[in-house]
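> Take this structure, written in C-alpha coordinates, and hold onto it; I'll ask about it next.
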Amino acid sequence: MSSDPHDRAPSWLDEIPQRLAALDAAQLTRRRREVRPADGASMWVDGRRMLAFCSNDYLGLSQHAALRAAAIEGAQHYGVGSGASPMVSGHSQANAALERELADFVGLERALYFYAGYATNASIVPALVGPGDALFSDALNHACLIDGARLSKAQIHRFEHADLAQLEALLQASPARRKLVLSDAVFSMDGDIADIPALIALCERHDALLLLDDAHGFGVCGPQGRGSLAAVARTGAQASRRVLYMATLGKAAGVAGAFVAGPSVLVEWLLQKTRSYTFATAAPALLAQSVRAALGVMRGEPARLERLHRNIAHFRAGLPAAIAGRGWTLLPSVTAVQALVIGSNDDALRAMATLAQAGLWVPAIRPPTVPEGTARLRIALSAAHEPEDIDTLLRALGEAARTR
(Lines give C-alpha, C1' and ligand atoms only; values in the text may rest on other atoms or scores of the structure.)
Protein backbone atom coordinates (compact mmCIF):
# COMPACT_ATOMS: atom_id res chain seq x y z
CA MET A 1 0.00 0.00 0.00
CA SER A 2 1.34 3.41 -0.97
CA SER A 3 2.31 5.79 1.85
CA ASP A 4 1.96 8.80 -0.44
CA PRO A 5 -0.84 10.98 1.03
CA HIS A 6 -1.86 11.96 -2.51
CA ASP A 7 -2.79 8.34 -3.24
CA ARG A 8 -5.34 8.00 -0.45
CA ALA A 9 -9.08 7.92 -1.14
CA PRO A 10 -10.88 11.29 -0.94
CA SER A 11 -12.38 12.04 2.46
CA TRP A 12 -15.48 14.03 3.22
CA LEU A 13 -13.28 16.10 5.51
CA ASP A 14 -11.53 17.44 2.42
CA GLU A 15 -14.82 19.10 1.42
CA ILE A 16 -15.00 21.35 4.48
CA PRO A 17 -12.95 24.24 2.99
CA GLN A 18 -15.18 24.30 -0.09
CA ARG A 19 -18.29 24.19 2.05
CA LEU A 20 -17.02 27.11 4.11
CA ALA A 21 -16.31 29.00 0.90
CA ALA A 22 -19.87 28.34 -0.25
CA LEU A 23 -21.22 29.83 2.98
CA ASP A 24 -19.08 32.89 2.44
CA ALA A 25 -20.22 33.26 -1.18
CA ALA A 26 -23.86 33.15 -0.03
CA GLN A 27 -23.20 35.87 2.57
CA LEU A 28 -23.96 33.38 5.36
CA THR A 29 -20.65 33.35 7.23
CA ARG A 30 -20.95 34.33 10.90
CA ARG A 31 -18.19 36.07 12.83
CA ARG A 32 -17.72 36.40 16.57
CA ARG A 33 -16.55 39.63 18.12
CA GLU A 34 -14.71 40.22 21.37
CA VAL A 35 -16.80 42.46 23.60
CA ARG A 36 -16.87 43.96 27.05
CA PRO A 37 -19.45 46.33 28.54
CA ALA A 38 -19.06 50.07 28.64
CA ASP A 39 -21.51 52.41 30.35
CA GLY A 40 -25.20 52.55 29.53
CA ALA A 41 -26.08 50.57 26.40
CA SER A 42 -22.59 50.81 24.92
CA MET A 43 -20.01 48.05 24.42
CA TRP A 44 -16.39 47.81 23.49
CA VAL A 45 -16.43 45.67 20.33
CA ASP A 46 -13.05 44.44 19.07
CA GLY A 47 -11.51 47.42 20.85
CA ARG A 48 -13.99 49.98 19.50
CA ARG A 49 -16.75 51.62 21.54
CA MET A 50 -20.18 51.10 19.95
CA LEU A 51 -23.79 51.84 20.86
CA ALA A 52 -25.38 48.39 21.04
CA PHE A 53 -28.81 47.43 19.72
CA CYS A 54 -27.92 43.74 19.63
CA SER A 55 -28.27 42.53 23.21
CA ASN A 56 -31.22 40.71 24.78
CA ASP A 57 -30.43 42.42 28.09
CA TYR A 58 -33.82 44.12 27.80
CA LEU A 59 -33.93 45.67 31.26
CA GLY A 60 -30.23 46.49 31.47
CA LEU A 61 -29.85 44.20 34.49
CA SER A 62 -26.65 42.39 33.52
CA GLN A 63 -24.59 45.28 34.93
CA HIS A 64 -26.88 46.10 37.87
CA ALA A 65 -25.08 46.57 41.18
CA ALA A 66 -27.53 44.34 43.07
CA LEU A 67 -26.94 41.42 40.71
CA ARG A 68 -23.17 41.84 40.89
CA ALA A 69 -23.28 41.94 44.66
CA ALA A 70 -25.47 38.82 44.76
CA ALA A 71 -23.03 36.92 42.54
CA ILE A 72 -20.11 37.89 44.80
CA GLU A 73 -22.03 36.91 47.93
CA GLY A 74 -23.04 33.65 46.28
CA ALA A 75 -19.45 32.83 45.34
CA GLN A 76 -18.23 33.61 48.84
CA HIS A 77 -20.90 31.44 50.45
CA TYR A 78 -21.17 28.54 47.97
CA GLY A 79 -18.00 28.72 45.89
CA VAL A 80 -17.90 28.95 42.11
CA GLY A 81 -19.11 25.58 40.80
CA SER A 82 -22.04 23.40 41.84
CA GLY A 83 -20.04 20.18 41.57
CA ALA A 84 -22.71 17.78 40.38
CA SER A 85 -26.13 17.21 38.87
CA PRO A 86 -29.09 18.61 40.81
CA MET A 87 -30.08 14.98 41.38
CA VAL A 88 -26.81 14.30 43.23
CA SER A 89 -25.42 17.24 45.20
CA GLY A 90 -25.82 20.26 42.92
CA HIS A 91 -29.23 21.46 44.13
CA SER A 92 -28.08 24.20 46.49
CA GLN A 93 -30.20 26.13 48.97
CA ALA A 94 -29.92 29.08 46.59
CA ASN A 95 -31.24 27.05 43.65
CA ALA A 96 -34.12 25.71 45.75
CA ALA A 97 -35.04 29.22 46.93
CA LEU A 98 -34.90 30.51 43.37
CA GLU A 99 -37.34 27.84 42.16
CA ARG A 100 -39.86 28.89 44.82
CA GLU A 101 -39.44 32.56 43.94
CA LEU A 102 -39.75 31.95 40.19
CA ALA A 103 -43.00 30.01 40.66
CA ASP A 104 -44.37 32.84 42.80
CA PHE A 105 -43.22 35.49 40.33
CA VAL A 106 -45.03 33.92 37.35
CA GLY A 107 -48.04 32.79 39.39
CA LEU A 108 -47.68 29.05 38.87
CA GLU A 109 -47.52 26.11 41.27
CA ARG A 110 -43.93 25.00 40.87
CA ALA A 111 -40.76 25.78 38.92
CA LEU A 112 -37.67 23.82 37.88
CA TYR A 113 -34.38 25.70 37.33
CA PHE A 114 -32.06 24.63 34.48
CA TYR A 115 -28.50 25.63 33.61
CA ALA A 116 -29.29 26.74 30.03
CA GLY A 117 -32.32 27.64 27.94
CA TYR A 118 -31.46 25.70 24.79
CA ALA A 119 -30.83 22.52 26.77
CA THR A 120 -34.10 23.00 28.60
CA ASN A 121 -36.36 22.90 25.55
CA ALA A 122 -34.26 20.33 23.74
CA SER A 123 -34.80 17.93 26.65
CA ILE A 124 -38.22 18.67 28.13
CA VAL A 125 -39.97 18.00 24.82
CA PRO A 126 -38.68 14.38 24.64
CA ALA A 127 -39.63 14.01 28.32
CA LEU A 128 -43.23 14.83 27.46
CA VAL A 129 -43.83 12.94 24.21
CA GLY A 130 -42.26 10.11 22.25
CA PRO A 131 -42.88 7.58 19.48
CA GLY A 132 -46.59 7.20 18.79
CA ASP A 133 -47.40 10.65 20.18
CA ALA A 134 -48.13 13.80 18.17
CA LEU A 135 -46.41 17.15 18.32
CA PHE A 136 -47.66 20.43 16.76
CA SER A 137 -45.09 23.18 16.20
CA ASP A 138 -45.40 26.77 14.97
CA ALA A 139 -43.31 27.30 11.85
CA LEU A 140 -41.36 30.15 13.45
CA ASN A 141 -40.51 28.44 16.73
CA HIS A 142 -36.98 28.75 18.07
CA ALA A 143 -34.41 26.14 17.08
CA CYS A 144 -34.34 24.60 20.56
CA LEU A 145 -38.02 23.68 20.30
CA ILE A 146 -37.44 22.29 16.82
CA ASP A 147 -34.51 20.19 18.02
CA GLY A 148 -36.50 18.99 21.01
CA ALA A 149 -39.31 17.94 18.68
CA ARG A 150 -36.90 15.93 16.53
CA LEU A 151 -35.29 14.26 19.53
CA SER A 152 -38.69 13.19 20.84
CA LYS A 153 -39.35 10.97 17.80
CA ALA A 154 -43.02 11.91 18.06
CA GLN A 155 -44.90 12.60 14.85
CA ILE A 156 -44.26 16.27 14.05
CA HIS A 157 -46.99 18.46 12.54
CA ARG A 158 -45.77 21.91 11.52
CA PHE A 159 -48.40 24.62 11.20
CA GLU A 160 -47.95 27.98 9.48
CA HIS A 161 -46.99 30.79 11.80
CA ALA A 162 -49.91 31.72 14.10
CA ASP A 163 -52.39 29.85 11.87
CA LEU A 164 -54.74 28.58 14.55
CA ALA A 165 -57.28 27.27 12.07
CA GLN A 166 -54.62 25.00 10.58
CA LEU A 167 -53.51 23.97 14.06
CA GLU A 168 -57.05 23.02 15.01
CA ALA A 169 -57.48 20.97 11.84
CA LEU A 170 -54.25 19.11 12.60
CA LEU A 171 -55.26 18.48 16.20
CA GLN A 172 -58.68 17.28 15.10
CA ALA A 173 -57.22 14.88 12.54
CA SER A 174 -54.60 13.37 14.83
CA PRO A 175 -55.44 9.95 16.32
CA ALA A 176 -52.63 10.23 18.88
CA ARG A 177 -53.62 9.98 22.53
CA ARG A 178 -50.88 12.34 23.73
CA LYS A 179 -50.65 15.67 21.91
CA LEU A 180 -48.17 18.49 22.61
CA VAL A 181 -48.40 21.98 21.10
CA LEU A 182 -45.17 24.00 20.97
CA SER A 183 -45.09 27.77 20.56
CA ASP A 184 -42.89 30.71 21.31
CA ALA A 185 -44.77 33.33 23.33
CA VAL A 186 -42.76 36.21 21.84
CA PHE A 187 -41.20 35.16 18.54
CA SER A 188 -37.51 35.93 18.67
CA MET A 189 -36.97 37.17 15.12
CA ASP A 190 -40.33 38.89 14.45
CA GLY A 191 -41.23 40.21 17.90
CA ASP A 192 -44.92 39.31 17.65
CA ILE A 193 -46.83 37.62 20.47
CA ALA A 194 -48.72 34.35 20.22
CA ASP A 195 -52.47 34.28 20.89
CA ILE A 196 -52.02 32.45 24.17
CA PRO A 197 -55.69 32.27 25.24
CA ALA A 198 -56.64 30.81 21.85
CA LEU A 199 -53.81 28.25 22.02
CA ILE A 200 -54.96 27.17 25.48
CA ALA A 201 -58.57 26.91 24.29
CA LEU A 202 -57.48 24.63 21.43
CA CYS A 203 -55.54 22.45 23.85
CA GLU A 204 -58.57 22.23 26.13
CA ARG A 205 -60.81 21.15 23.23
CA HIS A 206 -58.39 18.55 21.88
CA ASP A 207 -56.87 17.16 25.11
CA ALA A 208 -53.42 18.60 24.35
CA LEU A 209 -50.67 20.17 26.44
CA LEU A 210 -49.17 23.55 25.54
CA LEU A 211 -45.45 24.25 26.02
CA LEU A 212 -44.97 28.00 25.86
CA ASP A 213 -41.45 29.42 25.38
CA ASP A 214 -41.40 32.96 26.78
CA ALA A 215 -37.67 33.63 26.44
CA HIS A 216 -38.29 37.11 25.03
CA GLY A 217 -41.41 37.94 27.07
CA PHE A 218 -40.24 37.18 30.59
CA GLY A 219 -39.25 40.48 32.20
CA VAL A 220 -40.82 42.46 29.33
CA CYS A 221 -44.50 41.51 29.14
CA GLY A 222 -47.17 41.45 31.83
CA PRO A 223 -47.34 43.31 35.15
CA GLN A 224 -43.85 43.85 36.61
CA GLY A 225 -42.49 41.84 33.67
CA ARG A 226 -43.99 38.61 35.02
CA GLY A 227 -44.28 37.30 31.46
CA SER A 228 -46.62 36.76 28.54
CA LEU A 229 -48.73 34.23 30.44
CA ALA A 230 -49.26 36.67 33.31
CA ALA A 231 -50.24 39.31 30.74
CA VAL A 232 -53.32 37.25 29.84
CA ALA A 233 -54.08 36.01 33.36
CA ARG A 234 -57.55 37.54 33.23
CA THR A 235 -58.49 34.83 30.72
CA GLY A 236 -57.68 32.10 33.24
CA ALA A 237 -54.56 31.14 31.27
CA GLN A 238 -52.37 30.76 34.35
CA ALA A 239 -54.86 28.45 36.01
CA SER A 240 -54.95 25.98 33.12
CA ARG A 241 -53.49 22.57 33.87
CA ARG A 242 -52.61 22.35 30.17
CA VAL A 243 -49.78 24.91 30.19
CA LEU A 244 -46.09 24.49 30.83
CA TYR A 245 -44.35 27.85 30.89
CA MET A 246 -40.67 28.06 30.00
CA ALA A 247 -38.49 31.19 30.12
CA THR A 248 -34.82 31.98 29.98
CA LEU A 249 -32.88 33.98 32.56
CA GLY A 250 -30.09 35.33 30.37
CA LYS A 251 -32.18 37.96 28.61
CA ALA A 252 -34.34 40.41 30.57
CA ALA A 253 -33.25 38.85 33.88
CA GLY A 254 -29.63 39.61 32.95
CA VAL A 255 -28.00 36.39 34.21
CA ALA A 256 -28.09 32.87 32.73
CA GLY A 257 -30.10 29.66 32.76
CA ALA A 258 -33.80 28.94 32.36
CA PHE A 259 -36.81 27.55 34.17
CA VAL A 260 -40.01 25.66 33.51
CA ALA A 261 -43.10 26.31 35.60
CA GLY A 262 -46.58 24.88 35.73
CA PRO A 263 -48.74 22.38 37.60
CA SER A 264 -46.74 20.62 40.30
CA VAL A 265 -47.38 17.15 38.90
CA LEU A 266 -46.06 18.09 35.44
CA VAL A 267 -42.97 19.74 36.91
CA GLU A 268 -42.34 16.63 39.00
CA TRP A 269 -42.53 14.51 35.83
CA LEU A 270 -39.96 16.78 34.16
CA LEU A 271 -37.68 16.53 37.18
CA GLN A 272 -37.81 12.75 36.92
CA LYS A 273 -37.52 12.38 33.14
CA THR A 274 -35.57 15.32 31.64
CA ARG A 275 -32.10 14.17 30.61
CA SER A 276 -30.47 17.62 30.60
CA TYR A 277 -31.62 18.03 34.20
CA THR A 278 -30.59 14.59 35.42
CA PHE A 279 -27.25 14.23 33.65
CA ALA A 280 -25.87 17.80 33.55
CA THR A 281 -24.06 19.70 36.27
CA ALA A 282 -26.40 22.11 38.04
CA ALA A 283 -26.17 25.85 37.55
CA PRO A 284 -23.81 27.40 40.13
CA ALA A 285 -25.46 28.87 43.20
CA LEU A 286 -23.88 32.26 42.52
CA LEU A 287 -26.04 32.50 39.37
CA ALA A 288 -29.16 31.50 41.29
CA GLN A 289 -28.41 34.26 43.80
CA SER A 290 -28.06 36.76 40.96
CA VAL A 291 -31.38 35.73 39.43
CA ARG A 292 -33.03 36.12 42.83
CA ALA A 293 -31.64 39.65 42.93
CA ALA A 294 -32.99 40.26 39.41
CA LEU A 295 -36.49 39.28 40.52
CA GLY A 296 -36.15 41.77 43.35
CA VAL A 297 -35.18 44.53 40.95
CA MET A 298 -38.10 43.69 38.64
CA ARG A 299 -40.46 44.06 41.59
CA GLY A 300 -38.77 47.08 43.14
CA GLU A 301 -37.76 49.18 40.12
CA PRO A 302 -40.85 49.39 37.88
CA ALA A 303 -39.36 52.45 36.17
CA ARG A 304 -37.02 50.15 34.22
CA LEU A 305 -39.87 48.37 32.47
CA GLU A 306 -41.65 51.68 31.90
CA ARG A 307 -38.49 53.11 30.31
CA LEU A 308 -38.18 50.10 28.01
CA HIS A 309 -41.73 50.54 26.76
CA ARG A 310 -41.18 54.28 26.23
CA ASN A 311 -38.13 53.43 24.14
CA ILE A 312 -40.17 50.96 22.07
CA ALA A 313 -42.87 53.57 21.44
CA HIS A 314 -40.26 56.24 20.62
CA PHE A 315 -38.56 54.00 18.07
CA ARG A 316 -41.75 52.87 16.36
CA ALA A 317 -43.10 56.42 16.16
CA GLY A 318 -39.91 57.79 14.59
CA LEU A 319 -38.94 55.04 12.15
CA PRO A 320 -41.51 55.55 9.34
CA ALA A 321 -40.27 59.06 8.59
CA ALA A 322 -36.62 57.97 8.80
CA ILE A 323 -36.95 55.25 6.14
CA ALA A 324 -39.89 56.60 4.12
CA GLY A 325 -40.10 55.22 0.58
CA ARG A 326 -37.17 52.82 0.97
CA GLY A 327 -39.11 49.56 0.80
CA TRP A 328 -38.07 48.30 4.21
CA THR A 329 -40.75 46.83 6.50
CA LEU A 330 -40.93 47.15 10.25
CA LEU A 331 -42.86 44.15 11.57
CA PRO A 332 -45.59 44.72 14.17
CA SER A 333 -44.26 44.34 17.71
CA VAL A 334 -44.88 45.84 21.13
CA THR A 335 -41.88 43.99 22.54
CA ALA A 336 -38.17 44.76 22.75
CA VAL A 337 -37.60 42.81 19.52
CA GLN A 338 -38.02 45.14 16.55
CA ALA A 339 -37.49 43.45 13.18
CA LEU A 340 -36.75 45.65 10.16
CA VAL A 341 -37.07 43.39 7.12
CA ILE A 342 -34.78 44.44 4.27
CA GLY A 343 -34.83 41.47 1.89
CA SER A 344 -31.58 40.19 0.48
CA ASN A 345 -28.59 39.07 2.52
CA ASP A 346 -26.36 41.53 0.71
CA ASP A 347 -28.61 44.52 1.42
CA ALA A 348 -29.00 43.56 5.08
CA LEU A 349 -25.24 43.21 5.52
CA ARG A 350 -24.68 46.53 3.76
CA ALA A 351 -27.12 48.25 6.11
CA MET A 352 -25.41 46.67 9.10
CA ALA A 353 -22.02 47.89 7.83
CA THR A 354 -23.34 51.45 7.36
CA LEU A 355 -24.64 51.46 10.93
CA ALA A 356 -21.35 50.05 12.19
CA GLN A 357 -19.45 52.88 10.49
CA ALA A 358 -21.65 55.26 12.49
CA GLY A 359 -20.75 53.44 15.72
CA LEU A 360 -23.91 51.37 16.13
CA TRP A 361 -24.02 47.59 16.46
CA VAL A 362 -27.25 46.31 14.91
CA PRO A 363 -27.06 42.69 13.73
CA ALA A 364 -28.14 41.51 10.31
CA ILE A 365 -30.11 38.27 10.61
CA ARG A 366 -30.05 35.96 7.59
CA PRO A 367 -31.29 32.51 6.60
CA PRO A 368 -31.57 29.89 7.94
CA THR A 369 -32.45 31.84 11.08
CA VAL A 370 -35.18 33.61 9.08
CA PRO A 371 -36.88 32.58 5.82
CA GLU A 372 -35.18 33.17 2.48
CA GLY A 373 -35.69 36.70 1.17
CA THR A 374 -36.45 38.16 4.61
CA ALA A 375 -32.97 39.09 5.83
CA ARG A 376 -33.36 41.84 8.38
CA LEU A 377 -31.91 44.06 11.02
CA ARG A 378 -32.93 42.71 14.41
CA ILE A 379 -33.06 45.76 16.64
CA ALA A 380 -33.08 44.91 20.35
CA LEU A 381 -34.19 47.77 22.57
CA SER A 382 -33.38 48.07 26.25
CA ALA A 383 -34.17 50.11 29.32
CA ALA A 384 -30.46 50.98 29.24
CA HIS A 385 -30.99 53.08 26.10
CA GLU A 386 -31.49 56.78 26.57
CA PRO A 387 -33.94 58.73 24.35
CA GLU A 388 -30.99 60.28 22.51
CA ASP A 389 -29.69 56.77 21.76
CA ILE A 390 -32.98 56.01 19.98
CA ASP A 391 -32.66 59.28 18.04
CA THR A 392 -29.12 58.33 17.02
CA LEU A 393 -30.38 54.97 15.78
CA LEU A 394 -33.20 56.57 13.78
CA ARG A 395 -30.81 59.00 12.07
CA ALA A 396 -28.38 56.20 11.25
CA LEU A 397 -31.16 54.00 9.82
CA GLY A 398 -32.28 56.88 7.66
CA GLU A 399 -28.75 57.25 6.32
CA ALA A 400 -28.49 53.50 5.72
CA ALA A 401 -31.77 53.55 3.81
CA ARG A 402 -30.61 56.43 1.60
CA THR A 403 -27.27 54.84 0.76
CA ARG A 404 -28.41 51.25 0.12
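The values are calculated or read from the model by the stated rules, or taken from the named source; none is laboratory data. Quick caveat, the model's predicted, so the values are computed rather than measured. Here Cβ is always computed from backbone atoms with ideal geometry, including for glycine, and neighbour counts include all displayed protein chains. SASA here: full protein model, heavy atoms, side chains in, ligands and nucleic acids out. Shrake-Rupley method; radii C 1.70, N 1.55, O 1.52, S 1.80 Å.
> Computed FRET efficiency, Cβ-Cβ of Trp269 and Ile156, R0 22 Å: what is it to the nearest 0.05? Intermediate results must be reported in sequence, preceding the final value.
Details: r = 21 Å, r/R0 = 0.96.
Using R0 = 22 Å, I get an efficiency of 0.55.
> Using Cα-only point scatterers and the Debye equation, what is log10 of I(q)/I(0) for the range 139-271 at each q in 0.14, 0.18 Å⁻¹, rounded to two decimals?
Listed by q, the Debye log ratios stand at -0.61, -1.05.
> For the charge dipole of the range 1-126, defined by +1 on Lys and Arg C-beta atoms and -1 on Asp and Glu C-beta atoms about the Cα centroid, which residue among Gly107, Tyr58, Leu13 has the Cα displaced farthest towards the positive pole?
Of the candidates, Tyr58 comes out farthest on the positive side.
> Can you give the three extents of the C-alpha atoms in the range 285-332 along their principal axes, from longest to shortest, in whole Å?
Cα spread of the range 285-332 along its principal axes, largest to smallest: 52, 21, 14 Å.
> Let me know the charge dipole size of the range 272-319 about its Cα centre in debye, to the nearest 20, where only the beta-carbon of Lys, Arg (+1) and Asp, Glu (-1) is charged.
Values: 8 positive and 2 negative charges, 27 e Å.
About 140 debye.
> Quote the charge dipole size of the range 171-235 about the Cα centre in Debye, to the nearest 20; the model charges only the Cβ of Lys and Arg (+1) and of Asp and Glu (-1). Please report the intermediate quantities before stating the final value.
Working: 6 positive and 8 negative charges, 69 e Å.
Its charge dipole is roughly 320 debye.
> Given the C-alpha atoms of the range 60-202, compute the convex hull and give its volume per residue in Å³.
Details: hull volume 21.1 nm³, N = 143.
In the range 60-202, the Cα convex hull volume per residue is 147 Å³.
> Among the helices of the chain (complete DSSP H runs), which have Cα atoms covering no less than 30 Å along the helix axis and a Kyte-Doolittle mean of at least -1.0? The partial results should precede the final answer.
Working: long enough: 302-322 (31 Å, -0.35).
Span-like helices, by this rule, are 302-322.
> Averaging over every viewing direction, what projected area does the convex hull of the Cα atoms of the range 271-370 cover, in nm²?
Details: hull surface 42.7 nm².
Directional mean of the projected Cα hull area for the range 271-370 stands at 10.7 nm².
> Here is a further query. Which whole-percent values make up P(r) of the range 100-174 when all C-alpha to C-alpha distances are grouped in 10 Å steps starting at zero?
For the range 100-174, the binned pair fractions read 19, 38, 34, 10, 0 percent.
> Run the dipole for the chain about the Cα centre, Lys and Arg Cβ at +1, Asp and Glu Cβ at -1, nothing else charged, and hand back the magnitude in debye, nearest 20.
Numbers: 40 positive and 39 negative charges, 49 e Å.
That gives a dipole near 240 debye.
> Which of Ser174, Ser264, Ser11 ends up with the largest GNM mean-square fluctuation for the chain, with Cα atoms connected below 10 Å?
Ser11
> Once the Cβ-Cβ distance between Arg177 and Asp104 is put in as r, and R0 is 30 Å, what FRET efficiency do you end up with, to the nearest 0.05? Kindly include the intermediate steps, with their values, before the conclusion.
Numbers: r = 34 Å, r/R0 = 1.12.
With a Förster radius of 30 Å, E is 0.35.
> Let me ask you something else. Please give the per residue volume of the convex hull enclosing the alpha carbon atoms of the range 239-278, rounded to a whole number of Å³. Provide the component values of the computation, followed by the final result.
On the way: hull volume 3.0 nm³, N = 40.
Given the Cα convex hull of the range 239-278, per-residue volume reads 76 Å³.
> Determine the gain in length on full extension of the stretch Thr329-Arg234; use 0.36 nm per residue of separation and subtract their C-alpha separation, reporting nm with one decimal. Let's see the in-between values first.
Working: separation 95, 0.36 × 95 = 34.20 nm, distance 3.29 nm.
Separation in residues times 0.36 nm, less the Cα-Cα distance, equals 30.9 nm.
> Extension gain Arg30-Val88, at 0.36 nm per residue separation less the Cα-Cα distance, in nm? Before the final figure, lay out the partial values.
Working: separation 58, 0.36 × 58 = 20.88 nm, distance 3.85 nm.
Between Arg30 and Val88, full extension yields an extra 17.0 nm.
> When the helix-only estimate is applied to the chain (DSSP H runs of n ≥ 4, each -39,500 (n - 2.57), divided by the residue count), what is the mean residue ellipticity at 222 nm, nearest 500 deg cm²/dmol?
Values: 14 runs with 164 residues, N = 404.
Taking each H run of at least 4 residues, the total per residue is -12500 deg cm²/dmol.
> For the range 1-111, just run the numbers: alpha carbon Rg, then divide by 2.2 N^0.38 Å, N being how many residues it has.
Normalised Rg, Cα atoms only: 1.83.
> Could you check which residue among Ser333, Ser290, Ser382 shows the biggest mean-square fluctuation in a GNM of the chain with a 10 Å Cα cutoff?
Ser333
> Where the centre of each part is set by its Cα atoms, how far does the range 325-404 sit from the range 239-256, in angstrom?
Comparing the Cα centres of the range 325-404 and the range 239-256, I get a distance of 27 Å.
> Hey, which lysines would be in cross-link range of Lys179, C-alpha to C-alpha under 29 Å, not counting anything within fewer than 8 residues on its own chain?
Counting by Cα, and skipping residues close in sequence, Lys179 has these lysines nearby: Lys153, Lys273.
> Another one. How long are the three semi-axes of the equivalent ellipsoid for the chain, computed from the Cα gyration tensor as the root of 5 times each eigenvalue, in whole Å, largest first?
Sorted largest first and rounded, they come to 32, 29, 25 Å.
> Under 10 °C and 1.306 mPa s, how fast does the range 207-268 diffuse according to Stokes-Einstein, given a Kirkwood radius computed over C-alpha pairs? Answer in µm²/s, whole number. Before the final figure, lay out each step's value.
On the way: Rh = 11.9 Å.
Estimated via Stokes-Einstein, D reaches 134 µm²/s.
> Same structure again: Could you report the accessible area of Leu394 in Å², rounded to 10, computed with a 1.4 Å probe on the protein chains as they sit in the structure?
Probe radius 1.4 Å; accessible area of Leu394 about 20 Å².
> Right, here's the next one. Under Stokes-Einstein, with the Kirkwood radius over Cα pairs standing in for Rh, what whole-number D in µm²/s applies to the range 140-202 at 25 °C and 0.890 mPa s?
Working: Rh = 12.6 Å.
In µm²/s, the coefficient is 195.
> Give me the Å³ per residue figure for the convex hull around the C-alpha atoms of the range 305-359.
Details: hull volume 5.3 nm³, N = 55.
Each residue corresponds to 96 Å³ of Cα convex hull volume.
> Ranked highest first by average number of other Cβ atoms within 10 Å, how do 248-255, 28-35 line up?
248-255, 28-35
> Using every pair of alpha-carbon atoms in the range 210-313, split the distances into 5 Å bins beginning at 0 and state the percent of pairs per bin, rounded to integers.
2, 11, 19, 22, 21, 14, 6, 3, 1
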